[in-house]
1. Yes or no: the stretch B:140-153 includes at least one residue that is within 14 Å of another protein chain (Cβ to nearest Cβ), within 16 Å of ligand 2 (Cβ to nearest atom), assigned to a helix (DSSP H, G or I) and out of contact with any helix residue (DSSP H, G or I) (no Cβ under 8 Å at 6 or more places or on another chain).
2. Looking at (1) closer than 30 Å to A:ARG80 by Cβ; (2) modelled with pLDDT under 65; (3) not hydroxyl-bearing (Ser, Thr, Tyr), can you tell me which one A:GLY358 breaks?
3. Please determine, by comparing only the residues of the stretch B:259-304 that are among the small types (Gly, Ala, Ser) and within 13 Å of chain A (Cβ to nearest Cβ), which one is farthest from B:GLN85 (Cα to Cα).
4. Quick check, is B:ALA266 aliphatic (A, V, I, L, M), in a loop (DSSP other than H, G, I, E, B) and over 15 Å from the mean Cα position of the chain (by Cα)?
5. Being open to solvent by 30 Å² or more (accessible area, probe 1.4 Å), over 19 Å from B:LEU165 (Cβ atoms) and either in a loop (DSSP other than H, G, I, E, B) or modelled with pLDDT of 95 or more (or both) is the filter here; which residues of the stretch B:99-133 pass it?
6. Of all residues in the stretch A:195-227, which are surrounded by 22 or more Cβ atoms within 10 Å (Cβ to Cβ) and within 14 Å of chain B (Cβ to nearest Cβ)?
7. Does B:GLU76 fit the bill of being part of a helix (DSSP H, G or I), more than 14 Å from chain A (Cβ to nearest Cβ), over 30 Å from A:ASP249 (Cβ atoms) and away from ligand 1 (no atom under 16 Å from the Cβ)?
Amino acid sequence: MFGTLTARLEDIFSKLQGKGKLDEKSVREALREIRLALLEADVNYRVVKDFVARIQESAVGEEVLSSITPGQQVVGIVYRELVRLLGDEAEPILWKGPMPLVIMLVGLQGSGKTTTAAKVASLLKARNKKVLLVAADVYRPAAVDQLRILADQLEVGFYRMDDVPPKEICTGAVERATREIVDVVILDTAGRLHINEPMMEELSGIAAGVKPRERLLVLDGMTGQDAVRAAQEFDKRLDLTGIIMTKLDGDARGGAALSVRAVTGKPIKFIGVGEKLEDLEPFHPSRIASRILGMGDVVTLVEKAQEKVDATKAATLQKKMRKGELTLEDFLDQLKQIKTMGSMDQLLKMIPGASKLGLNASAANDHELVRMEAIISSMTREERRKPYVLNGSRRKRIARGSGTRVQDVNRLLREFEAMRKMMKRFGSGMRGKKMLLGQFH
Amino acid sequence: MVTGAFGRLRGGLRRTREVLGRGLERLRTTRGAEREHALEELEQRLIEADVGVEAAVIIRDRLEEYLRTSPGPSLEELVGVIRKQLLDLMRAPVPPPLAEPEERVAPYVVLIAGVNGSGKTTSLGKLARHYAKEGHRVMVGAADTFRAAAVEQLAIWAQRAGADLVAQKPGADPASVAFDAVTAAKARGHSVVLLDTAGRQHTKVNLMNELAKIRRVVNKAHSGAPHESLLVLDATVGQNAVSQARLFHEVLELDGIFLAKVDGTAKGGVVVPIIRELGLPVRWLGVGEGIDDIEPFSPERFVEAMLAPQ
Ligand SMILES: Nc1nc2c(ncn2[C@@H]2O[C@H](COP(=O)(O)OP(=O)(O)OP(=O)(O)O)[C@@H](O)[C@H]2O)c(=O)[nH]1
Ligand SMILES: Nc1nc2c(ncn2[C@@H]2O[C@H](COP(=O)(O)OP(=O)(O)O)[C@@H](O)[C@H]2O)c(=O)[nH]1
Ligand SMILES: [Mg+2]
Ligand SMILES: [Mg+2]
């Protein structure tokens, strides 16, 4: 699946570009593709409908029709609109107000509440806050044990109370927190269906009892069309203050983010990107937008690279990517760095065009990388910089040297070229557009 | 009592006809833009059930075709056409034989897998109870050694179901737990073994390799095992489930799907493209959090639920 959207957008892109100017028919065609792409990314049907209508307005309007690069314009408009809808980069946590800050986590069964409670605790502990984790899930077998184990691991406070309803557990916890001058109380509630009246009533009761300043919906990033209904129900009951999207470390496009944002208007505050307690990141609209569109998360990649690699090198690389001057040598460098940067599948998803290189999620294994590295390593410096000198006999030599087949060498070269071109295209489309350019800084 | 799509379904066929009625009436009697609109409504309902654009468009096209070739159809006929198309789409190309625990293979080993939080452990508890009620002696293996309190959770389900449990310390090698569970079951005369595994993202190669290893080791402990590998899907999941099914299938050669949480408002329609692409049958539905909230899958009822209003 991964990469089909990228490919399709590129298709629209080149189709439109070939024509130079844009007529209404190709706009319609492009819109249909965009609609399809969004639906496949699990954006809700109605949200897609509104979205496409809005895009149509701006696309058929003035600039695009007269533009020399209509394809880029359309993609730019879609991307910008997505980012806008996903909202501003919100202040992740509402600190202002009396202490302790009470954070209540709610959501459907298995969405990731307990793990997220611990992740938030971990984050705040690192900022020297005194945290109390509260086990308010009295239904799921061993739910209390699960939270206790996580609290122990983090060495933060833990609160449980047996044989009383969740509401009393929560009020008891907040009382203790006030007494002991705790900064933050995190309530881990049980998963529930939004149509389960008594269980939803229970949440309202807890909220009325302890008045949590943050009421966050924990939503599985793989959720489909039903995300809107669940989010609306929780919002209706609790007047949510935000959303945390989990499990975005897989290959889900996370279209539900757009849906819930559109129907509730509530900000997405964090995203969960793994099972470990440090795998929580602040939400960035531009990243999710490119993810939904399958464009790869360039910013995160660059940020990660900057953490590990020296900044000037990364900046040079970005510039090269934008200008389409990326060489196989740079690419080899990248491959080597990737190894030191973290889990493969996560990183690959951030590289635009990674899918073109055959690096889809299933093939995102070390084996593939090792082979690519071997091929490039078997080239001379000159060959890496000027791949066009690679004639048949050179390719044969490289295949022999790297223990691969000539087809493998050909494929790598072909795909590298495609990636280089695509980066250049996205790069030039971004120049002069503050919004899009912002993505790189 | 929670009444989701499946709870409300018990009214059966009539209800669907009533609901689809108005739209279908328009399909029957109008042309041009109005008919177009009615078709779009149907498409919307299907997409909102998570069947994906491709399947929705196929059904829409076939319906259009039908309207073109058989003028003046009755309401019954139209409902029938839509149901039949969905059922056709859900017919696995090569229906794999559904295994049943038999004496001959004892113990019959079932491996449960899926992404994080989909409902594996709960569904396993339900299966344990189901087999125990059928007179089997059930052993449960705690091969999720990763998630906090996973063993404690499973132990409670095993106890509820009247099954025995094999577990090791947190962090132990899951393949070794699975091996122990199967070996112990053989020695102690259990007829069914259910293996719980940790939730994992299907894109994480090392974790998928771990699953492959569990499968290999189980086979070493008992030839022919696992006799059944089930993927547990959360009914609220969207199109990503297709990728999940594909990659779990690659590693485990799945025998079927356990679709959990259909008691919510989500329809779980993503099994339609999964059946279409991978030929994987759905075997069970999870319809609640209780141990008896399990039903064998019936395509007819499933289709009814999918077409029902939300
Ligand atoms: N409403 C409803 N909830 C369910 C169903 N099946 C499971 N759940 C709930 O979903 C949540 C997750 O279930 P688990 O069985 O722990 O899921 P899991 O896949 O084992 O989770 P991990 O091991 O953490 O990956 C629990 O709160 C269950 O009670 C179902 O059919 N309906
Ligand atoms: N891969 C991944 N797994 C997660 C993430 N957040 C939670 N999980 C897993 O999802 C499963 C359910 O999480 P849990 O916190 O118990 O959910 P709860 O039922 O809502 O409390 C567990 O297996 C967690 O390890 C995430 O961001 N990525
Ligand atoms: Mg929990
Ligand atoms: Mg489990």
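1. Let us first name the residues in the stretch B:140-153 that are within 14 Å of another protein chain (Cβ to nearest Cβ), namely B:140, B:142, B:144-153.
Narrowing the set further to residues that are within 16 Å of ligand 2 (Cβ to nearest atom) leaves B:142, B:144-153.
With assigned to a helix (DSSP H, G or I) added as a condition, the list becomes B:150-153.
Now restrict to residues that are out of contact with any helix residue (DSSP H, G or I) (no Cβ under 8 Å at 6 or more places or on another chain): B:151.
Yes, the conditions are met somewhere in the stretch B:140-153.
2. It is condition (1) that A:GLY358 fails.
3. Just the residues of the stretch B:259-304 that are among the small types (Gly, Ala, Ser), to begin with: B:260, B:264, B:266, B:268-269, B:279, B:286, B:288, B:290, B:298.
The next check asks that each one be within 13 Å of chain A (Cβ to nearest Cβ); those that pass are B:260, B:264, B:266, B:268-269, B:286, B:288, B:290.
On the way: B:ALA260: 24, B:GLY264: 25, B:ALA266: 21, B:GLY268: 17, B:GLY269: 14, B:GLY286: 25, B:GLY288: 29, B:GLY290: 33 Å.
Across the stretch B:259-304, the extreme among qualifying residues is B:GLY290.
4. Working: aliphatic (A, V, I, L, M): yes; in a loop (DSSP other than H, G, I, E, B): yes; over 15 Å from the mean Cα position of the chain (by Cα): no.
Here the answer is no, as B:ALA266 does not meet what is asked.
5. The answer is B:ALA99, B:GLU100, B:GLU102, B:GLY117.
6. A:LEU217, A:VAL218, A:LEU219, A:ASP220, A:GLY221, A:MET222, A:THR223, A:GLY224, A:GLN225, A:ASP226, A:ALA227
7. Numbers: part of a helix (DSSP H, G or I): yes; more than 14 Å from chain A (Cβ to nearest Cβ): yes; over 30 Å from A:ASP249 (Cβ atoms): yes; away from ligand 1 (no atom under 16 Å from the Cβ): yes.
Considered against the rule, which asks whether it is part of a helix (DSSP H, G or I), more than 14 Å from chain A (Cβ to nearest Cβ), over 30 Å from A:ASP249 (Cβ atoms) and away from ligand 1 (no atom under 16 Å from the Cβ), B:GLU76 comes out as yes.
Here is a yes/no grid of residues against (1) touching a helix residue (DSSP H, G or I) at 6+ places or on another chain (Cβ under 9 Å); (2) within 26 Å of A:VAL273 (Cα to Cα); (3) open to solvent by less than 60 Å² (accessible area, probe 1.4 Å); (4) of a type in the set (Val, Ile, Thr):
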{"site": "B:ALA155", "(1), (2), (3), (4)": "no, no, yes, no"}
{"site": "B:ALA172", "(1), (2), (3), (4)": "no, yes, yes, no"}
{"site": "B:ALA178", "(1), (2), (3), (4)": "yes, no, yes, no"}
{"site": "B:VAL192", "(1), (2), (3), (4)": "yes, no, yes, yes"}
{"site": "B:LEU195", "(1), (2), (3), (4)": "yes, no, yes, no"}
{"site": "B:VAL205", "(1), (2), (3), (4)": "yes, yes, yes, yes"}
{"site": "B:MET208", "(1), (2), (3), (4)": "yes, yes, yes, no"}
{"site": "B:ALA212", "(1), (2), (3), (4)": "yes, yes, yes, no"}
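The values are calculated or read from the model by the stated rules, or taken from the named source; none is laboratory data. Since we're looking at a predicted model, the values are computed, not measured. Don't worry about glycine lacking a Cβ; one is built from the backbone with ideal geometry, like all the others, and counts go over all protein chains shown. These accessible areas exclude ligands, DNA and RNA; they are computed on the full protein's heavy atoms, side chains included. Shrake-Rupley method; radii C 1.70, N 1.55, O 1.52, S 1.80 Å.
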